[in-house]
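Colleague: Once you've had a glance at the structure underneath, I'll fire off some questions.
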Amino acid sequence: MSDKAPPTIPYETAHWDLTPGRTVLVIIDPQNDFLHPEGCYAEKGIDIDHMRRVIEPIRQLLKDVRAKNIPVVWTRHGTRGLDDGGPFMRLRPFLAEGGLRQGTWGYQIYEDLEPREADWYVEKTRLSAFFQTNLESVLRNLDADTVLITGVLTNQCVAATSKDAMFRDFKPIVIEECTGTTMPHLHDPAIEMMQVGWAEVRDLESTLGEIRQLSKTH
């Protein structure tokens, strides 16, 4: 019989209550090129079904968030072309001749999500929505503490942005049903990686329940 102590779990699962008046929703890259059946990804033969799973959950989340006047920040990913896309773009040869290009229809937010002019918009050229953008200053000016993170892709921009949020001492909360990817087999590992590393991961139902208990901000 071994006297060896059980191994120490090297992390504590995060749980943060939404901070009244200091919660912000960030929706990462819900653009036509990713989500629309006529967008670049679908047109190039990439399966977008798992990414499209986010549409209805985000619509429901937006309904409840807007009812409480919680600020909404949308990010859009794109470049002028390969020259300003960095090495990452070289790893996506299907984007060589178009797709995720600034100023195009594919670059725009998916219309069914009903973005509003009064929302905040962040333009990004790399996976993390914090890299060389104004996202941090937007969140600071909104006095953000807890940051709800949704969008695409789970294992790419969602993971990178949520990690960078933690590095900046925000409390990132990733909503599982509101994230999706082009490679569904990587979704659960990416979710677990965030959960044990730097973010709280929760389901939509519990998030909506907590939002509905918040006081309406002005």
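Colleague: In segment 129-145, which residue that is of a type in the set (Gly, Ala, Ser) and farther than 12 Å from GLY78 by Cα is most open to solvent (accessible area, probe 1.4 Å)?
Modeller: The first filter runs over segment 129-145 and keeps only residues of a type in the set (Gly, Ala, Ser), leaving 129, 137, 144.
Applying the additional criterion that residues be farther than 12 Å from GLY78 by Cα yields 137, 144.
Details: SER137: 56, ALA144: 9 Å².
Per the criteria, the residue is SER137.
Colleague: Could you list, ordered by first residue, the pairs with Cβ atoms under 7 Å in which the first is in segment 178-204 and farther than 18 Å from LEU35 by Cα and the second is outside any helix (DSSP H, G or I) and open to solvent by 70 Å² or more (accessible area, probe 1.4 Å), at least 6 apart or interchain?
Modeller: GLN195/THR13; VAL196/TYR11; GLU200/HIS15
Colleague: Name the pairs whose Cβ atoms lie under 9 Å apart, with the first residue in segment 117-138 and at positive phi, the second among the charged types (D, E, K, R) and open to solvent by 10 Å² or more (accessible area, probe 1.4 Å), and 6 or more positions between them or separate chains?
Modeller: That search, which allows pairs on different chains as well, returns GLN132/ARG126.
Colleague: What's the number of the condition PRO37 fails, among (1) touching a Ser or Thr at 6+ places or on another chain (Cβ under 9 Å); (2) open to solvent by 10 Å² or more (accessible area, probe 1.4 Å)?
Modeller: With respect to (1) touching a Ser or Thr at 6+ places or on another chain (Cβ under 9 Å); (2) open to solvent by 10 Å² or more (accessible area, probe 1.4 Å), PRO37 is out only on (1).
Colleague: Quick check on my filter: what residues within segment 169-197 are open to solvent by 60 Å² or more (accessible area, probe 1.4 Å), closer than 19 Å to THR146 by Cβ and of a type in the set (D, E, K, R)?
Modeller: Of everything in segment 169-197, those that are open to solvent by 60 Å² or more (accessible area, probe 1.4 Å), closer than 19 Å to THR146 by Cβ and of a type in the set (D, E, K, R) turn out to be ASP169, LYS171.
Colleague: Could you check segment 1-51 and list, in sequence order, the residues that are of a type in the set (Lys, Arg) and under 19 Å from the mean Cα position of the chain (by Cα)? Steps first, please.
Modeller: Looking only at segment 1-51, we keep the residues that are of a type in the set (Lys, Arg), and these are 4, 22, 44.
The one that is of a type in the set (Lys, Arg) and under 19 Å from the mean Cα position of the chain (by Cα): ARG22.
Colleague: Test ALA160 against the stated conditions and say whether it is free of Cβ contacts under 8 Å to residues at least 60 places away in the same chain and surrounded by 15 or more Cβ atoms within 10 Å (Cβ to Cβ). Don't jump to the end; show me each part of the working.
Modeller: Working: free of Cβ contacts under 8 Å to residues at least 60 places away in the same chain: yes; surrounded by 15 or more Cβ atoms within 10 Å (Cβ to Cβ): yes.
So ALA160 passes the test.
Colleague: Report yes if LEU25 is in a loop (DSSP other than H, G, I, E, B), in contact with a helix residue (DSSP H, G or I) (Cβ under 6 Å, 6 or more places away or on another chain) and either more than 15 Å from LEU153 (Cβ to Cβ) or polar (S, T, N, Q) (or both), otherwise no. Before you say what the answer is, go through the steps one by one.
Modeller: Values: in a loop (DSSP other than H, G, I, E, B): no; in contact with a helix residue (DSSP H, G or I) (Cβ under 6 Å, 6 or more places away or on another chain): yes; either more than 15 Å from LEU153 (Cβ to Cβ) or polar (S, T, N, Q) (or both): yes.
Against the criterion (in a loop (DSSP other than H, G, I, E, B), in contact with a helix residue (DSSP H, G or I) (Cβ under 6 Å, 6 or more places away or on another chain) and either more than 15 Å from LEU153 (Cβ to Cβ) or polar (S, T, N, Q) (or both)), LEU25 does not qualify.
Colleague: Read through the list (1) closer than 27 Å to LEU214 by Cα; (2) surrounded by fewer than 16 Cβ atoms within 10 Å (Cβ to Cβ); (3) not polar (S, T, N, Q), then give the number of the only condition that PRO115 fails.
Modeller: In the conditions (1) closer than 27 Å to LEU214 by Cα; (2) surrounded by fewer than 16 Cβ atoms within 10 Å (Cβ to Cβ); (3) not polar (S, T, N, Q), PRO115 misses (2) alone.
Colleague: Return the total of residues in segment 56-105 being among the β-branched types (Val, Ile, Thr), within 19 Å of the chain's Cα centre (by Cα) and in a loop (DSSP other than H, G, I, E, B). Break it down stepwise before answering.
Modeller: Taking segment 56-105 first, the residues among the β-branched types (Val, Ile, Thr) are 58, 65, 70, 72-73, 75, 79, 104.
Still in the list and also within 19 Å of the chain's Cα centre (by Cα): 58, 65, 70, 72-73, 75, 79.
Next cut, in a loop (DSSP other than H, G, I, E, B) only: 70.
Residues in segment 56-105 being among the β-branched types (Val, Ile, Thr), within 19 Å of the chain's Cα centre (by Cα) and in a loop (DSSP other than H, G, I, E, B): 1 in total.
Colleague: Quick one: how many residues across segment 188-208 are over 14 Å from the mean Cα position of the chain (by Cα) and more than 21 Å from GLN60 (Cα to Cα)?
Modeller: 8
The values are calculated or read from the model by the stated rules, or taken from the named source; none is laboratory data. On a predicted model such as this, the values are computed, not experimentally measured, just so you know. Positions of Cβ are backbone-derived with ideal geometry, glycine not excepted, and every protein chain shown enters the neighbour counts. These area figures cover heavy atoms from the full protein model, side chains too; ligands, DNA and RNA do not enter into them. Shrake-Rupley method; radii C 1.70, N 1.55, O 1.52, S 1.80 Å.
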